[in-house]
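Single-structure report; data block below.
The values are calculated or read from the model by the stated rules, or taken from the named source; none is laboratory data. Since the model is a prediction, treat every value here as computed from it, not as a measurement. Here Cβ is always computed from backbone atoms with ideal geometry, including for glycine, and neighbour counts include all displayed protein chains. Only protein heavy atoms, including side chains, enter the accessible area calculation; ligands, DNA and RNA are left aside. Shrake-Rupley method; radii C 1.70, N 1.55, O 1.52, S 1.80 Å.
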Amino acid sequence: MKKSHAMQLFLYNVGTPLAQAGEVVADFLYMTRDVLVCVPKALKSPGVIVERFQSLVISSWFLVVITSFATGAAMALQFGQGMSRFGGKLYVPDIIAFAIIRALGPVFACLMVAARSGGGVAAELGSMKITQQIDALRALGTKPEEKLVAPIVIALILGMPFLTFLADVAGITGGLLVSAGSLGIAPSLYIEKTMNAVPFDDLLFSLAKTSIFGGIIGLIACFMGMRTQTGTSGIGIATTTAIVAANIFVLVGDFFITKLQWIMQW
């Protein structure tokens with residue numbers, strides 16, 4: 001009897017979280033399906049999409065630029081100091097361009113947007129949830145996925161390549177200034193080596209994958225916000241959960257996409 005009870009307790013402790021996780025994933029997939037269905041209708045209201053684009057994308061450009069600029073400058077210092085010992089200082093532009101364009105630029109842009117805009121969306125929809133505004137929309141026959149979620153997702157899908165391009169330019173510029181000022185690399189040589197380091201196809205690929213990340217960030221933020229259950233503490237939990245979940249997805253997703261790209265090249 002004791003072994004049977006222990007086994008039941010073990011299965012309950014393990015099975016309950018798995019069942020809850022499965023329910024959350026199923027709800028997320030259902031919402032994603034509803035949003036995809038509502039996208040054509042949402043595109044008929046471009047004013048709402050433009051408003052979301054301004055609030056979620058345009059307002060994040062400075063944060064993305066300053067983060068990427070500082071990262072490129074720090075990389076130039078670190079790699080410059082290390083590679084100067086082996087006479088490889090001239091490879092610094094190639095390394096920075098390769099790292100920024102293929103990995104760090106897209107990742108940092110998505111992480112900053114997930115933290116700033118994703119958290120804001122989760123808090124906004126969470127507030128609407130606890131004040132029953134979302135329920136009111138449904139009572140009036142309006143789908144929240146069409147009026148609230150789809151414009152956010154579309155704006156982030158369209159806006160993330162723009163922010164990623166700014167992040168790439170800022171990161172390379174930071175590396176350029178440090179390389180010219182501290183490493184003695186001529187700006188013209190730095191720009192030439194940067195242009196030759198990364199093919200144009202890699203730039204397009206990095207911009208395209210951020211569109212996918214942007215859409216998922218929007219879906220996660222909206223999903224967490226619309227699942228808010230309690231009062232102000234629930235809004236804080238939803239915001240934190242949305243940021244953490246979106247950041248994890250971006251980092252893990254970037255790894256798998258990079259691995260796939262590496263395999264395809266071979």
Find the relative contact order for segment 19-136 and round it to a whole percent, using C-alpha pairs within less than 8 Å whose residues are 6+ positions apart. 27
All aspartates and glutamates inside 19 Å of Lys193 as judged from Cα atoms, apart from same-chain residues fewer than 8 positions distant: Asp94, Asp168, Asp201, Asp202
If you roll a 1.4 Å probe over the chain with all protein chains in place, what percent of the accessible area is carbon or sulfur? 71
Determine, for each peptide in 236-246, 126-136, the mean count of other beta carbons within 10 angstrom over its residues, then list the peptides with the highest first. 236-246, 126-136
Do the sum for the chain: with -39,500 (n - 2.57) for every DSSP H run of n ≥ 4, divided by all residues, what is the mean residue ellipticity at 222 nm, to the nearest 500 deg cm²/dmol? -27500 deg cm²/dmol
Full extension between Leu177 and Ala74 adds, at 0.36 nm per residue less the Cα distance, a length in nm of 36.0 nm
Just need the relative contact order of the chain here, percent rounded to a whole number, with Cα pairs under 8 Å and 6+ apart. 31
With a length cut of 18 Å (Cα positions projected on each helix's long axis) and a Kyte-Doolittle mean of at least 1.6, go through the chain and give me the DSSP H helices that pass. 150-178
What order, most packed first, do the peptides 48-61, 196-209, 251-264 have when packing is the mean number of other Cβ atoms within 10 Å of each residue? 48-61, 196-209, 251-264
Along the positive direction of the dipole of segment 19-93 (beta-carbon charges: Lys, Arg +1; Asp, Glu -1; about the Cα centre), which of Ser60, Ala26, Ser45 reaches farthest? Ser60
Distance between modelled label sites at Arg116 and Leu29, nm, 7 Å Cα→Cβ extension: 3.5
In nm, the gap between the two label points placed 7 Å beyond Cα toward Cβ at Asp135 and Ala208 is 4.5
Segment 140-240 - percent relative contact order, Cα under 8 Å, separation 6 or more: 41
Can you find, among Pro144, Leu125, Ser179, the residue sitting farthest towards the positive end of the charge dipole of segment 73-190, where Lys and Arg contribute +1 and Asp and Glu -1 at Cβ? Ser179
Hits in segment 137-179: amide N under 11 Å from the 7 Å Cα→Cβ extension of Val252, namely none
Rounding to the nearest 20 debye, state how big the charge dipole of segment 37-190 is about its Cα centre with +1 on each Lys and Arg Cβ and -1 on each Asp and Glu Cβ. 140
Rounded to whole Å², per residue accessible area for the chain with a 1.4 Å probe reads 54
So how strong a dipole does the chain carry about its Cα centre when Lys and Arg Cβ are +1 and Asp and Glu Cβ are -1, to the nearest 20 debye? 460
